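The values are calculated or read from the model by the stated rules, or taken from the named source; none is laboratory data. Predicted, not measured: the structure shown is a model, and the values here were computed from it. Glycine gets a Cβ as well: all are built from the backbone with ideal geometry, and neighbour counts include every protein chain shown. Heads up: the accessible areas ignore ligands, DNA and RNA and are worked out on the full protein's heavy atoms, side chains in. Shrake-Rupley method; radii C 1.70, N 1.55, O 1.52, S 1.80 Å.
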Amino acid sequence: MCGRIALNVNPLVVNQRTGLRDWVGQERYRASTNVAPTRYQPVVVARQQLALLPSDPAPGLAEHQHQHHHQDAPVSPAARQSPAKLAAPAPPGTDPDVDPSACPPLFAPAEQDAYLLYSMKWGLVTTSALKRGGPQPINARDDSLRDRDPKAMFAPLRHRHRCVVIAQGFFEWVREGKSRHAYYVHRTDRQFLAMAGLFTSAQAHPGAPWIHSFTVVTCENAPSLSFLHDRMPVLLDAAGIRTWLDPSRNAWDKDLEALLVSQDNGLECFEVDPRVGKAGVEDPAFLVPYAKPAPTVPPLLRMFAAASSKAQSAHASTSTLKRHGGGDADEPRRDLPKRARRSPPPSPPRPAPPSPARELARGAPLGPAAVDDASESDSDSVYVVVEYEDADAGGLTGA
């Protein structure tokens, strides 16, 4: 499968790397490290195939298409300049590792008049899909092209509507448990990948703008990349590009079918930042090996971890001092258990107040209240025997 590609170079570098000077719809192209379906990307078509692309009513585009319907049509002097003279430093945001002089272009200067670049929408848009809704496939399986059924979806396109999709590389994802890891596949010589594709044109109703779209042809994956996915784009070499784009082949044949094989020669694969899985996110780091960040710890757990580490360090230092008999005498011994709190000594018992009975025994005078208190006292009661002489009885009477 091919669901995400990268082409993060400016249009002049595209001209240099392909060796093609003419580009229809260049204003729709945007350099990106994360190209998702529905984006407009440059594809290579044979100049004779322009007759298969209806004129777009957009100003300036129809004139450019009509200008190249015939090879003898006049071309402006600026367009006749060689790609080397059009070279300019890449603007900020493009891939600085792409050196236009690192490898030869895909097409020789003598082939300038045979091929050109065309910006098309990724995801095959048919007239029926515009009118009634339906799938807009971003990939076309190789077995669907081999199918002899004339009613197959891609059967009408394989005969004459063939194109080459260019990209720096493509992305695939590997699922491990609940996580997904993104991988980037590209050529080690930094040259563009040339992927086999099919294109078509459609409009919602007569007079509406034409939508030119493409899909990428896929095949069974190469053994070295099978861990990524069971399918990969059909990659074409120099000879395969010219066979696939040959306008004289108006019917599907065995030579075209022989190109639908996997190739992994000169390819490199490495894991990249998983943020590339989100469409719209741009970062040059998506095209270089991924440096996994250290796991983050929540602030609260980090605080408890620091306190625990500090306590363990203090305990270890005091234990060392205890073993060696060192340390400050005034410093509390933190490694010793806390002493139990001592309760205050009990207060001595308070003396009991003097009892009226005892006061009476000592001969102290008693008042009425004291007598009442003496009668009510139990623990301190003293029985007193008073002897007095009864004059009438003539003897002693005890009370």
Counting only residues that are under 22 Å from Leu52 (Cα atoms), in contact (Cβ under 8 Å) with a residue 12 or more places away in the chain and aliphatic (A, V, I, L, M), how many does the stretch 180-215 have? 7
Being of a type in the set (D, E, K, R), over 36 Å from the mean Cα position of the chain (by Cα) and in a loop (DSSP other than H, G, I, E, B) is the filter here; which residues of the stretch 231-282 pass it? Asp246, Arg249, Asp253
For Ala78, which of the numbered conditions (1) at pLDDT 90 or above; (2) more than 23 Å from Gln136 (Cβ to Cβ); (3) surrounded by fewer than 15 Cβ atoms within 10 Å (Cβ to Cβ) fails to hold? (1)
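Report whether or not Asn265 is out of contact with any Ser or Thr (no Cβ under 8 Å at 6 or more places or on another chain), within 20 Å of Arg160 (Cα to Cα) and open to solvent by 60 Å² or more (accessible area, probe 1.4 Å). Before the answer, list the steps.
Working: out of contact with any Ser or Thr (no Cβ under 8 Å at 6 or more places or on another chain): yes; within 20 Å of Arg160 (Cα to Cα): no; open to solvent by 60 Å² or more (accessible area, probe 1.4 Å): yes.
In short, no.
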Selection from the stretch 159-178 of residues surrounded by 22 or more Cβ atoms within 10 Å (Cβ to Cβ) and basic (Lys, Arg) yields Arg162
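Residues being of a type outside the set (Val, Ile, Thr) and part of a strand (DSSP E or B): count how many of those fall in the stretch 214-230.
Here is the first cut: in the stretch 214-230, the ones of a type outside the set (Val, Ile, Thr) are 214, 219-230.
Checking which are part of a strand (DSSP E or B) leaves us with 214, 219-220.
So the count comes out to 3.
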Six or more apart or on different chains, Cβ atoms under 8 Å: show the pairs whose first residue is in the stretch 5-34 and without any contact (Cβ under 8 Å) to a residue 60 or more places away in the chain and whose second is among the hydrophobic types (A, V, I, L, M, F, W, C). Pro11/Trp23
Do we find that Asp273 is in contact with a helix residue (DSSP H, G or I) (Cβ under 9 Å, 6 or more places away or on another chain), among the charged types (D, E, K, R) and crowded, with 17+ Cβ neighbours inside 10 Å in this structure? yes
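Return the residue satisfying two criteria in turn: it lies in the stretch 123-152 and is in contact (Cβ under 8 Å) with a residue 12 or more places away in the chain, in a helix (DSSP H, G or I) and open to solvent by 70 Å² or more (accessible area, probe 1.4 Å), and of such residues it is nearest to Gly197 (Cα to Cα). Let's see the steps before the verdict.
At the first step, the residues of the stretch 123-152 found to be in contact (Cβ under 8 Å) with a residue 12 or more places away in the chain are 123-127, 129-131, 136-142, 145-146.
Pick out the ones that are also in a helix (DSSP H, G or I) and you get 127, 129-131, 142, 145-146.
Filter once more, so that each one left must be open to solvent by 70 Å² or more (accessible area, probe 1.4 Å): 131, 146.
Values: Lys131: 24, Arg146: 14 Å.
Among those that are in contact (Cβ under 8 Å) with a residue 12 or more places away in the chain, in a helix (DSSP H, G or I) and open to solvent by 70 Å² or more (accessible area, probe 1.4 Å), it is Arg146.
State whether one or more residues within the stretch 106-119 are over 21 Å from Ala46 (Cβ atoms), within 38 Å of the chain's Cα centre (by Cα) and either of a type in the set (Val, Ile, Thr) or open to solvent by 20 Å² or more (accessible area, probe 1.4 Å) (or both).
Keep residues of the stretch 106-119 that are over 21 Å from Ala46 (Cβ atoms), which gives none.
No, the conditions are met nowhere in the stretch 106-119.
Name the single residue, out of those in the stretch 1-60 being assigned to a helix (DSSP H, G or I) and among the aliphatic types (A, V, I, L, M), that is most open to solvent (accessible area, probe 1.4 Å). Talk me through it step by step, then tell me what you get.
Residues of the stretch 1-60 assigned to a helix (DSSP H, G or I): 11-18, 26-28, 47-52.
Adding the requirement that they be among the aliphatic types (A, V, I, L, M) leaves 12-14, 50-52.
On the way: Leu12: 55, Val13: 11, Val14: 0, Leu50: 1, Ala51: 85, Leu52: 42 Å².
Across the stretch 1-60, the extreme among qualifying residues is Ala51.
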Output yes when any residue across the stretch 252-260 is farther than 15 Å from Ala182 by Cα, without any contact (Cβ under 8 Å) to a residue 24 or more places away in the chain and touching a helix residue (DSSP H, G or I) at 6+ places or on another chain (Cβ under 7 Å), and no when none is. yes
Do we have any residue at all in the stretch 168-182 that's acidic (Asp, Glu) and part of a strand (DSSP E or B)? yes
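Against the condition in a loop (DSSP other than H, G, I, E, B) and either crowded, with 16+ Cβ neighbours inside 10 Å or of a type outside the set (Lys, Arg) (or both), how does Ala285 come out, does it pass? Write out each step before concluding.
Details: in a loop (DSSP other than H, G, I, E, B): no; either crowded, with 16+ Cβ neighbours inside 10 Å or of a type outside the set (Lys, Arg) (or both): yes.
Criteria not met by Ala285.
Check the stretch 179-197 and report whether any residue there is closer than 25 Å to Arg132 by Cα and surrounded by 23 or more Cβ atoms within 10 Å (Cβ to Cβ).
Looking through the stretch 179-197, at least one residue is closer than 25 Å to Arg132 by Cα and surrounded by 23 or more Cβ atoms within 10 Å (Cβ to Cβ).
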